[in-house]
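K.L.:
Take this structure, written in structure tokens, and hold onto it; I'll ask about it next.
Taken together, the values in this text are just the output of simple stated rules run on the coordinates, not laboratory data. As the structure is a prediction and not an experimental result, all values here were calculated from the model. Cβ placement follows ideal geometry from the backbone for every residue including glycine, while neighbour counts extend to all protein chains displayed.
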Amino acid sequence: MGSIHKRSIGSAYHGEAEKNIYEIFQEAKAKAPSIIVIDEIDGLFPNREEGGEVDRRMVGALLTCMDGIDQKIVSPSSSIDPPRVMVVATTNRPHTLDPALRRPGRFDREIEIGIPDACGRHKILEVLLRKVPHQLTAEETKRIADKTHGFVGADLLALVREAGLRAIKRSMANSIRTEEMRLESDDIAQALLTVRPSAMRELHVETPRVTWADIGGQREVKQRLVETLSWPSKYPDTFHRLGIRPIRGILLYGPPGCSKTLIAKALASESDMNFIAIKGSDVFNKFLGESEKAIRDLFRKARAASPSIIFIDEIDSIAMARGSDQDGGGGVADRVLTSLLVEMDGIEELRGVLVLAATNRPAAIDPALMRPGRLDRIMYVGPPDLESRAEILAINFKKMAVHPDVDVQALAALTDGYTGAEMVAMCQDAAINAMHRDTHASCIEQQDFVRAMDGIKKQVTPQVLSAYHNWRQLVPVQSV
């Protein structure tokens with residue numbers, strides 16, 4: 001078996017790299033049957049249109065050698081059958097290879113080694129944990145496998161190693177002897193905060209620490225979101241029997257400051273799904289074609305790390321109505337939108353990937369995104385009602401020193417029309433008012449909150465709410 005890597009073919013002299021490639025193939029033919037392994041072929045033989053002169057010569061040399069594998073060796077006395085030489089290449093970026101390499105007669109077979117499912121991850125963990133002293137039960141191991149969406153074998157190994165380091169630190173802090181040290185479920189839980197799936201490392205990945213309990217109100221939106229994510233996995237037979245296709249996309253819309261982004265983070269945290277957050281600045285690039293490539297790469301990696309959530313905050317900046325960008329029709333914004341539509345239409349099925357978008361300018365979004373099969377559901381996230389405002393105050397009061405006589409219900413009634421963000425701002429202003437009243441104040445009193453309300457200017461007017469209502473009447477997809 002021979003192998004091709006940078007050290008085996010690299011050279012500072014002109015033509016030496018191509019010569020080395022020819023020699024490797026000639027040696028393989030002489031020792032047939034043989035296998036030539038090219039590890040990380042994308043780094044050695046990239047697309048000729050994107051590489052330099054050396055890359056073009058090396059790809060050309062490889063193509064010539066592969067085309068010559070099937071040629072018979074002719075000698076003066078006889079014609080011998082073609083030598084049995086097989087070329088095996090590995091890559092995790094097949095889309096970057098030169099297209100000529102993937103034609104019949106060269107790399108005839110493409111075998112995808114996918115990311116293991118929960119059952120596969122469970123078996124890998126069992127093998128890894130055999131070498132580690134631990135106190136994990138079979139149920140705990142299964143639970144870890146269920147939570148590590150998108151992890152490959154190397155990621156699980158990194159997870160166990162990181163957990164082992166944490167176990168050692170814990171044992172040293174508690175003066176536990178090395179031979180008595182055992183890996184615990186808490187060590188794994190802490191390691192999961194830092195170890196990410198390989199497919200996600202090039203993306204802007206967040207690990208949200210927001211739960212539903214951190215968000216006051218919005219009960220119906222929360223319930224519908226949980227159903228959207230949990231029902232396909234909880235009732236797969238019913239979905240198949242009734243012919244129900246899982247939701248591909250959800251749009252959260254409503255006035256600014258009404259917890260749309262918090263809801264998205266809580267959804268990812270509560271569902272244990274990989275969470276990829278992007279915004280316009282992550283996509284747009286001054287170089288031609290790079291913005292569209294960013295969209296393609298985003299969805300490709302989300303598929304690889306599924307189940308996952310792609311959260312597009314302020315989607316109106318990415319998917320604005322075509323022809324509305326400043327550089328005219330056919331500009332970069334139009335091309336980005338087209339790429340987004342192509343990915344959501346599912347030339348490659350969006351299995352295990354949910355697109356969750358948020359905006360406070362829904363009318364600015366291109367109508368093509370609002371068709372069934374793209375953003376299938378739109379959910380209005382409006383200002384909190386009386387009960388929700390009381391919940392928001394109660395959540396904030398847990399983090400503050402508030403006088404026992406402060407009347408939460410009375411404050412909730414006085415803040416009619418406030419958004420969640422304005423409620424939080426009022427609490428902060430009340431704390432500052434308490435300090436103005438007494439720099440050594442032990443707690444915040446009712447009067448501090450009442451004074452804080454005077455400085456809050458409500459942003460959501462009846463006209464704003466009416467505009468959202470009117471827009472909703474024009475959209476052809478289901479609304480909540």
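K.L.:
By average Cβ neighbour count within 10 Å, what is the ranking of 124-130, 304-310, 242-248 from highest down? The partial results should precede the final answer.
P.N.:
Numbers: 124-130: 15.7, 304-310: 22.0, 242-248: 13.3.
Final packing ranking: 304-310, 124-130, 242-248.
K.L.:
Given the rule -39500 (n - 2.57) for each run of at least 4 DSSP H residues, summed and divided by the residues of the chain, what is its mean residue ellipticity at 222 nm, to the nearest 500 deg cm²/dmol?
P.N.:
The helix-only estimate for the chain comes to -13500 deg cm²/dmol at 222 nm.
K.L.:
Oh, and also: Calculate how steeply helix 118-129 sits against the longest principal axis of the alpha-carbon atoms of the chain, using the helix alpha-carbon long axis, and give the answer as 0 to 90 degrees to the nearest 10.
P.N.:
The angle comes out near 80 degrees.
K.L.:
Moving on to the next point. Ranking request for peptides 138-148, 107-117: highest mean number of other beta-carbon atoms within 10 Å first, then the rest in descending order.
P.N.:
Working: 138-148: 16.5, 107-117: 10.5.
Highest-to-lowest ranking by the protection proxy: 138-148, 107-117.
K.L.:
Can you tell me the length gained on complete extension of the stretch D272 to K131, counting 0.36 nm per residue apart and subtracting the Cα distance?
P.N.:
Extra length available between D272 and K131 comes to 48.0 nm.
K.L.:
Could you grab the relative contact order for region 157-259? Cα pairs under 8 Å, six or more apart, rounded to a whole percent.
P.N.:
Once normalised by length, the contact order is 21 percent.
K.L.:
In addition: Note the angle between two axes, namely the Cα long axis of helix 386-397 and the longest principal axis of the Cα atoms of the chain, as a number of degrees from 0 to 90, rounded to the nearest 10.
P.N.:
Computed tilt is about 80 degrees.
K.L.:
Measure nothing but the geometry: give the 0 to 90° angle between the long axis through the Cα atoms of 332-345 and the longest principal axis through the Cα atoms of the chain, rounded to 10°.
P.N.:
80
K.L.:
Still on this structure: Figure the gain on full extension for R84 and Q447 (residue separation times 0.36 nm, minus the Cα-Cα span) and round it to one decimal in nm.
P.N.:
121.8 nm
K.L.:
Which whole-number value in Å³ per residue fits the convex hull of the alpha carbons of the chain?
P.N.:
Numbers: hull volume 119.9 nm³, N = 480.
In the chain, the Cα hull volume divided by residue count equals 250 Å³.
K.L.:
I'd like to compare 394-402, 334-342: which one has the highest average count of other Cβ atoms within 10 Å, and what's the full order after that?
P.N.:
Packing proxy ranking, top to bottom: 334-342, 394-402.
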